[in-house]
Amino acid sequence: MRGNLFAVNQIEVIGNRSLSIKYIENASGIQIGQSIFGLRSWEIENRIKQINDVKSVKVQKVFPHLIQIQIVERTPLAKVVVGDTWFYVDDQGVRVNTPSDNPDQLISLYIPSLENDSIPAALEVIRAWLSDFETPLKMVKLVHDNLFILQLQNDIFIKCESVQNLKEKVPVLKPLLREVQVKALKVVGFDLRMKKDIVLIQDEEEVF
């Protein structure tokens, strides 16, 4: 009697966007009809966490018949381009599947190679920009260890040495960007690499 009264007859998946409900159900290992008492939430969570695009998962038993699976999928942040190959990563640098919605709106991240922690270093710069500035990023290019080139959606270029260099110049760079937007000044970009000053870039040839 206990087995019939507390047999799982429904699996509810919440929070999925690109992953199908069936795929998550299969990964969970839950069988319809098995006793809800025989299931361990942490074991189900560990199985679902093996899906690369799952960032976090929480499993709850809703007595007498329901298992609820709430997931957070990894969100693509950037399209990483290395030579002729490319792939997508989230804000933690984990590779994710091709986004189904507006892949062209992702930040393009160009790096010379996959060695020397290039992706984590570039993502630090991207996260710092998104945290401190309102103007959206279009592209980040890591030229070498001490040179990042950022291209904004308004096609202004920013050259900096590191995430620390970028953060140090936030108080000065923010009002300059506002001036460019409000007054439509003809400026190609800004070079932040001078210790105390910001250098105006007035010719696109100076960017690269």
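Summary of values
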read-out	value
The chain, relative contact order in percent, only Cα pairs under 8 angstrom and at least six apart counted	12 percent
Cross-link reach list, aspartates and glutamates versus LYS22, counting only Cα pairs under 19 Å and skipping chain neighbours closer than eight places	GLU12, GLU43, GLU45, ASP53, GLU73
The chain - accessible surface per residue (Å², probe 1.4 Å)	59 Å²
Cross-link table LYS55/LYS159; LYS138/LYS196; LYS58/LYS141; LYS55/LYS196, entries beyond 29 Å C-alpha to C-alpha	LYS55/LYS159; LYS58/LYS141; LYS55/LYS196
Cα-centre dipole for the chain with unit charges at Cβ (Lys and Arg positive, Asp and Glu negative), debye to 20	880 debye
Qualifying GluC sites (Glu not before Pro) in the stretch 60-147, DSSP loop, other Cβ atoms within 10 Å at most 14	GLU115, GLU134
Rounded if a/c under 1.5, otherwise prolate or oblate - the stretch 134-199, Cα gyration tensor axes	oblate
Shape category assigned to the chain from the gyration tensor of Cα positions, a/c cut at 1.5	prolate
Antiparallel content of DSSP bridges confined to the chain, in %, to 5	65 percent
VAL207-VAL172 pseudo-label distance in nm [points 7 Å out on the Cα-to-Cβ vector]	2.2 nm
Surface share of carbon and sulfur [accessible, 1.4 angstrom probe, percent] for the chain	48 percent
Top of TYR23, TYR88, TYR110 by mean-square fluctuation, Gaussian network on the chain, Cα under 10 Å	TYR23
Choice from VAL72, VAL140, VAL80 with maximal GNM fluctuation in the chain (Cα, 10 Å cutoff)	VAL72
Choice from ASP84, ASP117, ASP145 with maximal GNM fluctuation in the chain (Cα, 10 Å cutoff)	ASP84
Positive-end residue, the stretch 1-137 charge dipole about Cα centroid, Cβ charges, pick of PHE87, VAL59, PRO99	VAL59
Cα-projected label distance for GLN60 with ASP145, points at 7 Å along beta-carbon direction, nm	4.9 nm
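The values are calculated or read from the model by the stated rules, or taken from the named source; none is laboratory data. Please read all numbers here as calculations on a predicted model, not as lab measurements. All Cβ positions, even for glycine, are placed from backbone atoms using ideal geometry, and neighbour counts span all protein chains on display. Please note that ligands, DNA and RNA were not included when accessible areas were found on the heavy atoms of the full protein model with its side chains. Shrake-Rupley method; radii C 1.70, N 1.55, O 1.52, S 1.80 Å.
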